[in-house]
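Everything on this sheet refers to the single structure shown next.
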Ligand SMILES: Cc1cc2nc3c(=O)[nH]c(=O)nc-3n(C[C@H](O)[C@H](O)[C@H](O)COP(=O)(O)OP(=O)(O)OC[C@H]3O[C@@H](n4cnc5c(N)ncnc54)[C@H](O)[C@@H]3O)c2cc1C
C-alpha cells in the first residue's frame, strides 16, 4: 500500500484537517533541539543533504482525543507505517528524527485542563507541564519535579523524553515515583488503552515513545513551599562542590536545585555577572525558611551569599532558566562547540572524580556538580547503597570533534565514572537502560510490527 493511500485512510479516520503532507508542516514538526549536540546535528545535516528537508517523512497527523489516537494507530498498523510521537519538540537527544517513510504523530492538540485528584494531578498528554504546576499551585501544592522547559514542553513528551528537573535534588528522577500513572495506546491492529501504574511504568519512561503512545499522565504533588533563588560565590570549585554535597546528601535540606559551577563557567550566566568576582558559583533555589541556616553553612565553607529573588514573582531572569537542561543554552554562548556528557560520581566524594578529570583535561572539560536523590539512578550506576547520586555534567569544550568526546568517555571508563551519553539516537547506547530486554519485550507486546519510533531500539527483535 502506498503512502498516499495511508494518508487518505488517516483523513477518513480522524478528519482531513488533522492530517497534512504539506512540506512546510513536515519541516516544522521535524524541528527539535538536537543542535545542542554537535554529533547529532552533523548526522541530521548529513541526512538533510541526502534526503531533503523533510527527511522522507510522509505526513503528520494531529489527533485531538484518545479515541482519535486509537483510530490513527489502527490505520498506521494496517499500513505498517512507522510512527513517531511528538510533543513540543524541545528534546535535545535527536528523539524526533524519524526514519524515512514515517508519520509524525503530533500530540499537542490532545490537551486539557489538569484535574487535581487528592494529592495527584492528571492531564491529557499534550498539556504543557507548567499547566499541571499552575493547577497544583492554585490548590497550595506543587509538582515534585518540573522540567526547566515546563513552559513549552508537553507533559507526556517529558515523561517519554526527559527524566529529571527542578526538584530532583529532593525527589529524584521520573523513575522514582514522580509519575504515578499513564494511559497508553498500543500499536496493535485493534489498539488497546492501558492504564499503567507503579513499576509497570518503567518501559514507558524516557523510552522515546517506543512502547506505546501516552494519552494521559498523572503526577504526584506535595505541599507548596516558599522558594527563593540564591547565588553563592566560593573561592574555588572544591568549596562550591563541598557546599552542594553537604546540602544535598542530608535530606533535611529542601531545594529545587543546588548546583556548583566552575569559575571558568560563571561568566556564561550573563545576568549574574555584575554580582560576581571571578570565583566558582552555586546556583540554588531553596526553601526560604532554611535560608538563614544554609547561609551559615555557606559562610563556614568560605562562600559569599547573594540573594537573587523569590522564585515566584521575581522580575530578574530566574535561576530556573540557568540550571538542568537550560544550562546548556548559556554554556553554548561561551563555548559554541561544547558537547555535554552526564557523569555520575560517588555521592560521598565527588571531588575525587572532579580532580581526576581536571588533571587529565584541564580547561577542555568544564564541570557542573549537582545531586539527584534517585534510588533508581543509584542502582543503575552502581551506587546501590545510596539514596542520592552526584549527577555531574561535563561540557566538552571542543565537542565538535567526535574524538574529543571519545577521549572523555574513555577516561571515564578508566576511572570508573559511569556516563549517560546523549549523543546517540539509540536507547541501547545511552547508558541509562541496563534492562533493555524488559523494554524490548514490552515494546514487542504492545507494538508487534515495530512501527513505533523504530531505530530508537536497536535489534528490537533481540533476545528478551
Ligand atoms: C533548553 C532545554 C532544557 C531542557 N531541560 C530539561 C530538564 O530540565 N529536564 C529534562 O528531563 N529534560 C530537559 N530537556 C529535554 C526534554 O526532553 C524536553 O525539554 C521535554 O521534556 C520534552 O517534552 P516535549 O513535549 O518537547 O517532547 P518532544 O521533544 O516532542 O518528545 C520527546 C520524546 O518523547 C516522545 N513523545 C512525545 N510525546 C509522546 C507521547 N504522547 N507518547 C509517547 N511518546 C511521546 C517523542 O517521540 C520523543 O522521543 C531540556 C531540553 C532543552 C532543549
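The values are calculated or read from the model by the stated rules, or taken from the named source; none is laboratory data. Just so you know, these numbers come straight off a predicted model, no measurement behind them. Because the Cβ atoms are built from the backbone with ideal geometry, glycine has one as well, and the counts that use them run over all protein chains shown.
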Criterion (touching a residue at least 60 places away in the same chain (Cβ under 8 Å), under 19 Å from the mean Cα position of the chain (by Cα) and farther than 26 Å from residue 166 by Cα) met by exactly one of 81, 30: 30
Residue 73 part of a helix (DSSP H, G or I), at pLDDT 95 or above and either surrounded by fewer than 20 Cβ atoms within 10 Å (Cβ to Cβ) or in contact with a strand residue (DSSP E or B) (Cβ under 8 Å, 6 or more places away or on another chain) (or both): yes
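Yes/no matrix, rows are residues, columns are (1) part of a helix (DSSP H, G or I); (2) modelled with pLDDT of 95 or more:
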position: 312; (1), (2): no, no
position: 317; (1), (2): no, yes
position: 327; (1), (2): yes, yes
position: 333; (1), (2): yes, no
position: 343; (1), (2): no, yes
position: 353; (1), (2): yes, yes
position: 356; (1), (2): yes, yes
position: 359; (1), (2): yes, yes
Which listed residue, of 184, 217, is more than 8 Å from the ligand (Cβ to nearest atom), modelled with pLDDT of 95 or more and over 13 Å from the mean Cα position of the chain (by Cα): 217
Every residue from segment 223-241 that is surrounded by fewer than 24 Cβ atoms within 10 Å (Cβ to Cβ) and part of a helix (DSSP H, G or I): 238, 239
Answer from 424, 388 - the residue that is crowded, with 16+ Cβ neighbours inside 10 Å, under 25 Å from residue 173 (Cα atoms) and at pLDDT below 95: 424
